[in-house]
Amino acid sequence: MEQDDVYQTLILDLQNFSKEQVSALHLAGVKKIYSYLDVGSLETYRSYFARFHKLARAPYENWEEEYWVDVSNISWQDFLVKELAIDLVQKGADGFFLDNTDVYAQ
């Protein structure tokens, strides 16, 4: 990649990337990579869906593979903070793009 062709900031779902892939983006000149992190809903295609499926609430309208999740559950909170976020940082995330923070309204 030419330096002028490199984005300075990217938002990616790093759950689908390896540490090496994220490192390659940084080496190519991307300064900041934020990982998408869905805190308020649970997607059926995620590797952890079976683990947390009992926390699923109403279906997420217009997203057939997604359910609102019980964010008040301590096991969900611990998973997000102590497992998933740590894994994403270890892959090279510089921060997070949080989605579905409005779950309290559901």
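Brief remarks follow.
- Within-13-Å neighbourhood charge of Asp87 [Cβ basis; K, R +1; D, E -1]: +2
- Normalised convex hull volume, the chain, alpha-carbon set, Å³ per residue: 110
- Whichever lysines have a C-alpha closer than 16 Å to that of Lys19, once near sequence neighbours (fewer than 8 apart) are set aside: Lys31, Lys32, Lys91
- Estimated distance in nm for a label pair at Thr9 and Asp78, the labels positioned 7 Å out from Cα along Cα-to-Cβ: 3.4
- Antiparallel DSSP beta bridges within the chain, percent to nearest 5: 35
- Two-site label geometry, Phe49 and Asp87: point separation in nm, points 7 Å out along Cα→Cβ: 1.5
- Within a Gaussian network of the chain (alpha carbon springs, distance under 10 Å), most fluctuating of Asp70, Asp78, Asp38: Asp78
- A Gaussian network model of the chain, with springs between Cα atoms under 10 Å, assigns the largest mean-square fluctuation among Ser23, Ser75, Ser47 to Ser47.
- Magnitude of the charge dipole, the chain, Cβ model with Lys/Arg +1 and Asp/Glu -1, debye to 20: 440
- Amide H contacts under 5 Å for Asp38: Asp99, restricted to partners 5 or more places along the chain or on a different chain, H placed in the peptide plane at 1.01 Å from N.
All of the numbers you see were taken from the coordinates with simple rules; none came from a lab. Not measured: the values here are computed from a predicted model. Cβ sites come from the backbone with ideal geometry, for glycine too, and all protein chains shown count toward neighbours.
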